[in-house]
Each structure stands twice: as structure tokens, then as C-alpha cells.
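Report on the following structure.
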Amino acid sequence: MKSKKKFILLLAVFIILIAGSVIAYQALKDKGQANVLKEANTTKDTDKKNASSEQTDNANDTSDSNEGAGSSSMQAPDFSVYDVSGKEVSLHSLFGKPIVLNFWNSNCPPCKQEMPEFEEVYQSRKDDITFVMVDTVGFMGETLEAGKKYVEEGKFTFPVYYDTSQEAVYTYGVSAFPTTYFLDKDGNVVTGAQGAIDKATLEKGISMIE
């Protein structure tokens with residue numbers, strides 16, 4: 001529980017750091033596009049009292065290079081979701097390769113806009129990148145049946161998981177769909193984007209966790 005609270009606090013700081021980009025996303029909302037990738041350079045040993053100031057300093061010192069980001073980023077908290085067959089799967093069980101973690105919903109137009117490009121990148125990178133596409137069941141009228149139907153009709157082959165208990169959404173404090181996080185092979189959160197992203201932005205995020 002402590003780690004989740006610490007993560008949420010640090011995540012809040014991260015969101016503040018990308019606030020300017022989120023504003024840009026709002027301006028592009030009708031087009032469903034956002035380019036808000038920034039490196040999350042959080043520190044595991046930072047206590048809650050100093051988290052805000054130290055995270056801001058780290059972000060200001062971040063260069064375009066992602067060198068060393070994995071060792072200084074905080075490990076993503078765990079959650080459990082269900083695959084298409086109903087088997088329970090934890091995020092931490094998928095660690096070992098870089099992860100693209102995406103929160104989506106079949107009733108969300110921007111989510112549906114980015115899905116074909118996620119599928120395209122998945123097809124070319126599935127051997128070295130793990131995709132975790134989380135359907136946010138229970139939000140925006142989403143149902144398990146609707147989510148599965150959308151995936152089937154779209155002929156998407158990337159791994160889809162269903163957050164039927166909303167555990168994943170609440171653990172990460174997701175407030176807008178789609179939202180994407182990029183985790184390195186050790187499960188550390190390196191960067192993220194709120195809003196639909198295109199193929200180029202997705203590939204940029206992946207380049208930061210390889």
C-alpha cells in the first residue's frame with residue numbers, strides 16, 4: 001500500500017511536469033492526438049516530504065537522451081487483470097522485456113483512433129516489446145462483452161487484458177482515456193502520454209525504454 005501511495009504522489013508530480021503538454025492535448029482533442037512524452041526521472045529513495053522538489057529538479061536536468069533512466073525510475077506498482085480466456089494476470093509477471101502499458105475503452109473515439117497504429121507497431125516489435133492493452137471495463141459504459149467484440153471486429157492481435165475490477169485504473173490514477181505508460185525491462189516507469197498518440201510518438205516512447 002505504501003508503494004502505491006508513493007507512486008501516486010510521484011505520478012502527480014510527473015503529471016504537473018507534463019501539464020503544458022496536456023493543455024496542448026486538450027486543444028487537439030477533436031483530432032484525438034497528443035504528444036506529451038517526457039522522461040520520468042523519479043528516485044526510489046526519495047521520501048514523500050521531498051518528492052515534489054526533488055522530482056522537479058530531476059526533470060529539469062533531464063536531457064533528450066534516456067541513458068540511465070531505468071536505474072533511477074520508480075518501479076510501476078502491480079495490479080491484476082484478466083486475459084481473453086479469463087485467466088488472471090499480474091503486471092509484474094510480465095516484467096523482463098520493455099512494456100507498453102495502454103489504458104483504452106471501446107467507447108472512447110481517441111482510443112479507437114490510435115488502436116490500428118498500436119497494432120502495426122506491435123506486429124513489428126512484438127518479439128522484443130511487451131504490449132499490455134488494458135480495457136477499462138466499467139468506465140464510459142464499457143462492458144467486457146463490448147470490449148471483446150471491438151477487439152474481434154478490429155482483428156487486433158496485441159495482448160488485451162480486461163480490468164473488470166477497475167484495479168489497474170485506480171492503482172495508476174488514470175483520469176483520461178487513452179493513457180499510455182512506457183516501462184523498461186525492469187518495470188520502471190520511464191515516460192508516458194495522456195491522449196491518443198500516433199505511430200511516431202509510440203515509437204519514440206519505445207525508443208526510450210529499449
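Distances between placed amide hydrogens fall under 5 Å for Thr164 paired with Tyr82, all partners being 5 or more residues away or on another chain.
Going by a ≥ b ≥ c, the root eigenvalues of the Cα gyration tensor, does the range 84-145 fall in the rounded group (a/c under 1.5), the prolate group (a/b larger than b/c) or the oblate group? Note, shape of the range 84-145 comes out oblate. The range 70-144 and the range 161-204 have Cα centres spaced 7 Å apart.
In this rough spin-label picture, where each label sits 7 Å from Cα along the Cβ direction, the Ala176-Gln123 distance is 3.0 nm. Under the simplified labelling scheme, the Gln166-Glu145 pair shows an inter-label distance of 2.1 nm, with each label point 7 Å from Cα along Cα→Cβ. Global dimensions of the range 108-210 from alpha-carbon coordinates: Rg and Dmax equal 13.2, 36 Å.
Bear in mind these aren't lab numbers, they're just calculated from the coordinates by the rules spelled out. Only a predicted model underlies this, so the values are computations on that prediction, with no experimental measurement involved. A quick note on method: Cβ atoms are made from the backbone with ideal geometry, for glycine too, and the neighbour counts reach across all protein chains shown.
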